[in-house]
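Reading through the structure tokens given below for one structure.
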There are 4 protein chains.
Amino acid sequence: ASFDPEDNMPRHLVPGVYVPTPCFFDPVTEDLDTATIASHAVRLAQAGVVGLATQGSNGEAVHLTHSERQTVTSTTRSALNSAGFSHIPIIVGCGAQSVRETVQYCREAYAVGGDYALVLPPAYYAGLFAPASASVIEFFQTVADQSPIPILIYNYPGAVSGMDLSSDVIIQLSAHPNIVGVKLTCGNTGKLNRIVAATKGTKSSKPQSSSAAPPFLVLGGSADFTMQSLIGGGHGILAGLANISPKACIEIMRLYREGNFAEAQEMQEVVARGDWTAIQGGIVSTKSGMQSWLGYGGYSRSPLPRPTSEQNAKWKEGFRELFALEKSL
Amino acid sequence: ASFDPEDNMPRHLVPGVYVPTPCFFDPVTEDLDTATIASHAVRLAQAGVVGLATQGSNGEAVHLTHSERQTVTSTTRSALNSAGFSHIPIIVGCGAQSVRETVQYCREAYAVGGDYALVLPPAYYAGLFAPASASVIEFFQTVADQSPIPILIYNYPGAVSGMDLSSDVIIQLSAHPNIVGVKLTCGNTGKLNRIVAATKGTKSSKPQSSSAAPPFLVLGGSADFTMQSLIGGGHGILAGLANISPKACIEIMRLYREGNFAEAQEMQEVVARGDWTAIQGGIVSTKSGMQSWLGYGGYSRSPLPRPTSEQNAKWKEGFRELFALEKSL
Amino acid sequence: ASFDPEDNMPRHLVPGVYVPTPCFFDPVTEDLDTATIASHAVRLAQAGVVGLATQGSNGEAVHLTHSERQTVTSTTRSALNSAGFSHIPIIVGCGAQSVRETVQYCREAYAVGGDYALVLPPAYYAGLFAPASASVIEFFQTVADQSPIPILIYNYPGAVSGMDLSSDVIIQLSAHPNIVGVKLTCGNTGKLNRIVAATKGTKSSKPQSSSAAPPFLVLGGSADFTMQSLIGGGHGILAGLANISPKACIEIMRLYREGNFAEAQEMQEVVARGDWTAIQGGIVSTKSGMQSWLGYGGYSRSPLPRPTSEQNAKWKEGFRELFALEKSL
Amino acid sequence: ASFDPEDNMPRHLVPGVYVPTPCFFDPVTEDLDTATIASHAVRLAQAGVVGLATQGSNGEAVHLTHSERQTVTSTTRSALNSAGFSHIPIIVGCGAQSVRETVQYCREAYAVGGDYALVLPPAYYAGLFAPASASVIEFFQTVADQSPIPILIYNYPGAVSGMDLSSDVIIQLSAHPNIVGVKLTCGNTGKLNRIVAATKGTKSSKPQSSSAAPPFLVLGGSADFTMQSLIGGGHGILAGLANISPKACIEIMRLYREGNFAEAQEMQEVVARGDWTAIQGGIVSTKSGMQSWLGYGGYSRSPLPRPTSEQNAKWKEGFRELFALEKSL
């Protein structure tokens, strides 16, 4: 409530590690646990990530009301500001089925300090789009026209009945002045190569050397292919695993940029192994692992199941190596 | 605002034709067009349908806010009451991803005169349910425990990433006192046969002879297999095509119950042909056909496309035979 | 080898129950068990089915060589002839990815006494067909032009990466003089209604009264919606469950034709319950049930698993009611 | 016929570019065009690729008889030998639905000089595998036990109804002495990272520096993510685009190994752009592009469509940049 929209200072999307934060809940009431939302955000910022994303799949966006979403984002913004991280941008998940509600989410995000909107394509009526890509392109362009904050395209076929945006579509959308990046959770790095090639603007002979904001931000959607995103000219990752091991993810990028590929590969291997537990169990295993190793995390909203003790034990073990690495950094 | 929750009189779900009404919008602002919502509801009631459903797929539920959904349902309730159809129940689409929001929709539906809730299973995180059916069963049971109005299960795999509830799951759920029926949009009539057999309670030697409310209502989800729903012991249909041809759908049931199969089949053929246009073009072609033949219908909310003139012409032709039949009844 | 191609007498496809027979194997060598193939075919003919189908999904066509397929069909033909069932037609599964191999299967089927070819659409390269339906239509027409025996279209999306032939496509194909029917394993009875309406030629005021071969044979692909196929004007079923309960399937049709719907429905319910075990476990549970209740059946070829004793017990129980009914008929 | 099985000399799978060759046909009869099969193989060997694969998806394996497959492989082997490339291995696509036929393909491949077998998991009855991975693992292990030539796992979900082998399954299978590699057409480079980490045996501080055969060969399945395969420790690619631009693919690897990332990236971009045409049009566009730019290629077997003149023009243009690059190398 105390947030001042005038605080919307320009926060650039620089290369680096971005984290889609979980939403935390009271284990009994399932109400928002704003204290943990705040402290987790600060932990990540202190670890060195360059941006946070609220209301991604890990953030259980589909389980939150409009008002709760605003609380999560404003809590995150306030926590970052209070801890000296007012320069860190917040990307807010704003996907919805209609242009109207998507724009509403963008405006609500802006109103509480969100800097960018991460937008999934609508898919509920995809069978009625004709031709498909034309409707999708028009959707993103119309949203971008009306949104007070810039848009990042969220390509995650698994969340939208298999709808997979092609490099052609994403490249066409990148021409819109208010569409400024893409998160590729599809894992298709050939697509990433085409998108980077088409959007990078000026060529540089040194890969990833710059820390400046690129004209069009291209992020890998999982930590297990961080190096692959970078070698294709991508600018970093927006990856759920960074909730568990922000420093390890950052370190892969640092080693890579230094040209220390052998060490980067070794760390990438540990991260890819840990990510396998996160990929299989999603937010449920991520929270379980956090609870086991960090002492907080809790449960997701129903109907997401609460882990059995066998699952907790298995997932604790699955993250053991990665938490050990993280602690050492 | 003028709706009195005390008006929640008991309205039973009797065998017959149910219609998932479209939501109508102003063509410029895309705001709700409550006048058309009201008049269309009355037209259907006058044609003899036994129930309406707001906020199904045809009702563009995913394009509406909580508040708009309440407006649609209360407008429909008031229109029915004013026109002398206060006995006709309204089923309200209430599916959401969380137990919490689903229950909220049920309560909001109840608050504005909704009689039953039609609930899709949650699917966004289906990969994290384990085992799948246990989470789904628990979801429905918890919602049914908390909802002020009874629940109908909505089995529509095409709307929930392919999640198809088995006869085992539906039969298990039918034991809950507050779960009172199912809409089978899957079109699997073998499943329908198993569900009816397990839930019909007392056997009757005459098919569909009764107009009393069955212990568990089983409805086919499309008009093109109306007779197939009936021959399996189903109690009717909840079908979008009945927006266009309520009387023809009702007439199939009447002829079938009279044992006049040959005429019922002839009418079923016309309905199945007309439904093909509605199935292919969904709510977009349904509204187009209504506009062409009834003078109202309008457009869906963006990003659903507005038909080209070629599409309007093709769909008008596709519904020609069916509208001629409807007019003759 | 002793089969005489001149024996290809005309065998019409009359309304009734058709059975896709399993292929039986030696449990040690996995070689063909021709003795059981022969005796099972005769058992079904004695029960009153009007046709058999070799090399369907239940016949493990994809596990058989060209030469083995011919042995299965010729063994079946000889067994039927020797037992006095030379009038019963054999439909042979002939689907393949290329026009060339599909035609080869048709010719090989003809050479050993096959009467009709059941053909799946090719799907391996479906993404390269453009537009999809044009390539599929041309495939069937070219095969039909070159095949020495008439073609039945096999619409089974589950077997071909989801490719689901529409009523438009099937109706268009029905115009070819050598395409004479369709098996609808999709279970879409609205589609069945449209196909029957478009292909039945002359109208009859009495449903299914005739035992004459229809101009275009429309068969339901599962026993659990037998009545639904009939009420839509379909001519019967081609259903794996009839391997277990041919008489019960036939009895449903007889009762239906007599207008005895109540008893037909009761029997349909038992069949639909039994079919649920067959649908879930496919050929593996079907063979297990046959082994438990009939003393033969054996195993499928690897990699299809051999059932555990728990599975055998569960599936035996799942078929108990149906076998009791079958024995009583 | 003149091939001598004794010629099966050991040919190791070294890091580099592998090419799944198309199968060429007479444009009128659709019979094998062995002259073009031979000359194309030699062209690729001269360009410097380290291995060929017959009977992949590009090789239209599903359109070929057992005997034709042997002709294609023996023709390729003879052509390579005659041109001085007897050291280049041939990988032969051997996937089939049964263990029995898969092993038969492996033996037939061996008999005509095939060195390795590329094996897809069986998927037709995947719904009956239980639990899925156990049946798949047993399938591969049994085939590997019985095959006279070593096995490479082919992970291509798009070809097998979406079945996607996890890193766990592939790592477990890599322990079999006769399973020696994997082709990852899934494009999942996180999975690649886990597989390489688990199978590389001895660590090397220099990436990809060695030209020796690795203990377990991990290949990317498309040229558009060549660098991503390498940075993860993969040993190269087995990619259809290398039919068009073998030298460009090889050059990416050379530049990468030299540490010349900027130039490697530039070339990767051109390759990724060209690959987009090949990915969209598959073997149809690949042959069209070869015909336009190399003067041979021809058509695929029916029902794969023959391109329209518009398609030929579009695809010629789509490959223009890549062919220009290739010619310059």
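The values are calculated or read from the model by the stated rules, or taken from the named source; none is laboratory data. The structure presented is a predicted model; accordingly, all values stated were derived computationally and were not measured. Glycine gets a Cβ as well: all are built from the backbone with ideal geometry, and neighbour counts include every protein chain shown.
Numbers below:
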read-out: Check on C:Gly162, assigned to a loop (DSSP other than H, G, I, E, B) and either facing chain D (nearest Cβ under 8 Å) or out of contact with any strand residue (DSSP E or B) (no Cβ under 7 Å at 6 or more places or on another chain) (or both); value: yes
read-out: Candidates D:Gly59, D:Gly93 - the one that is more than 8 Å from chain C (Cβ to nearest Cβ), closer than 15 Å to D:Ser147 by Cβ, within 16 Å of the chain's Cα centre (by Cα) and among the small types (Gly, Ala, Ser); value: D:Gly93
read-out: Count of segment A:245-276 residues which are within 11 Å of another protein chain (Cβ to nearest Cβ) and either of a type outside the set (A, V, I, L, M) or on the phi > 0 side of the Ramachandran plot (or both); value: 13
read-out: Residue satisfying condition, being part of a helix (DSSP H, G or I), touching a Ser or Thr at 6+ places or on another chain (Cβ under 6 Å), of a type in the set (A, V, I, L, M, F, W, C) and free of Cβ contacts under 8 Å to residues at least 60 places away in the same chain, within set D:Trp276, D:Trp293, D:Trp315; value: D:Trp315
read-out: Any hit, segment A:170-178, residues being part of a loop (DSSP other than H, G, I, E, B), more than 14 Å from chain B (Cβ to nearest Cβ), over 17 Å from A:Gly234 (Cα atoms) and in contact with a helix residue (DSSP H, G or I) (Cβ under 6 Å, 6 or more places away or on another chain); value: yes
read-out: Subset of segment D:96-118 that is of a type in the set (Gly, Ala, Ser) and over 12 Å from D:Ile151 (Cβ atoms) - its residue that is nearest to the other protein chains (Cβ to nearest Cβ); value: D:Ser98
read-out: Residues satisfying the stated conditions in segment C:21-43, i.e. surrounded by fewer than 22 Cβ atoms within 10 Å (Cβ to Cβ) and either under 16 Å from C:Leu241 (Cα atoms) or within 13 Å of the chain's Cα centre (by Cα) (or both); value: C:Arg43
read-out: Restricting segment D:218-244 to residues that are touching a Pro at 6+ places or on another chain (Cβ under 8 Å) and within 23 Å of A:Ala262 (Cβ to Cβ), the residue that is nearest to the other protein chains (Cβ to nearest Cβ); value: D:Ile231
read-out: Any hit, segment B:193-208, residues being within 10 Å of chain C (Cβ to nearest Cβ), under 18 Å from B:Ser57 (Cβ atoms) and not in a strand (DSSP E or B); value: no
read-out: Segment B:117-156, subset modelled with pLDDT of 95 or more and among the aromatic types (Phe, Trp, Tyr), residue surrounded by the most Cβ atoms within 10 Å (Cβ to Cβ); value: B:Tyr154
read-out: Residues (within 14 Å of chain A (Cβ to nearest Cβ), touching a residue at least 60 places away in the same chain (Cβ under 8 Å) and more than 25 Å from B:Ala248 (Cα to Cα)) located in segment B:28-56; value: B:Glu30
read-out: Subset tally (residues that are farther than 19 Å from D:Pro122 by Cβ and buried (at least 20 other Cβ atoms within 10 Å of the Cβ)) for segment D:157-173; value: 1
read-out: Candidates B:Ser74, B:Ser82, B:Ser78, B:Ser57 - the one that is of a type in the set (S, T, N, Q), more than 20 Å from B:Val169 (Cα to Cα) and modelled with pLDDT under 95; value: B:Ser57
read-out: Criterion: touching a His at 6+ places or on another chain (Cβ under 7 Å) and not β-branched (Val, Ile, Thr) - qualifying residue of B:Ala144, B:Ala159; value: B:Ala144
read-out: Extreme residue, nearest to the other protein chains (Cβ to nearest Cβ), among residues of segment D:62-90 that are surrounded by 21 or more Cβ atoms within 10 Å (Cβ to Cβ) and under 21 Å from C:Gln97 (Cβ atoms); value: D:His63
read-out: Total residues in segment D:230-260, condition in contact with a helix residue (DSSP H, G or I) (Cβ under 7 Å, 6 or more places away or on another chain) and part of a strand (DSSP E or B); value: 2
read-out: D:Ala248 buried (at least 24 other Cβ atoms within 10 Å of the Cβ) and either within 30 Å of C:Ser98 (Cα to Cα) or not basic (Lys, Arg) (or both); value: yes
read-out: Test: residue in segment C:307-329 that is under 20 Å from the mean Cα position of the chain (by Cα), acidic (Asp, Glu) and away from chain B (no Cβ under 14 Å); value: yes
read-out: Any chance D:Gly190 is under 30 Å from A:Ser161 (Cβ atoms), in a helix (DSSP H, G or I) and modelled with pLDDT under 95; value: no
read-out: Of all residues in segment A:180-195 being β-branched (Val, Ile, Thr) and surrounded by fewer than 24 Cβ atoms within 10 Å (Cβ to Cβ), the one that is nearest to D:Phe225 (Cα to Cα); value: A:Thr185
read-out: Residue satisfying all of: in segment C:281-306; over 20 Å from the mean Cα position of the chain (by Cα) and farther than 23 Å from D:Val143 by Cβ; nearest to the other protein chains (Cβ to nearest Cβ) among these; value: C:Gln291
read-out: Segment C:148-159, subset outside any helix (DSSP H, G or I) and either out of contact with any strand residue (DSSP E or B) (no Cβ under 6 Å at 6 or more places or on another chain) or farther than 17 Å from C:Val103 by Cα (or both), residue farthest from the other protein chains (Cβ to nearest Cβ); value: C:Pro148
read-out: Test for A:Tyr110: is it at pLDDT 95 or above and of a type outside the set (S, T, N, Q); value: yes
read-out: Tally of residues being in contact with a Ser or Thr (Cβ under 6 Å, 6 or more places away or on another chain) and closer than 23 Å to A:Gln55 by Cβ across segment A:220-239; value: 4
read-out: Residue match in segment D:205-214 (condition: at pLDDT 95 or above and hydrophobic (A, V, I, L, M, F, W, C)); value: no
read-out: When residues of segment A:91-105 are limited to those that are in contact with a Cys (Cβ under 9 Å, 6 or more places away or on another chain) and closer than 18 Å to A:Pro20 by Cα, the one surrounded by the most Cβ atoms within 10 Å (Cβ to Cβ); value: A:Val92
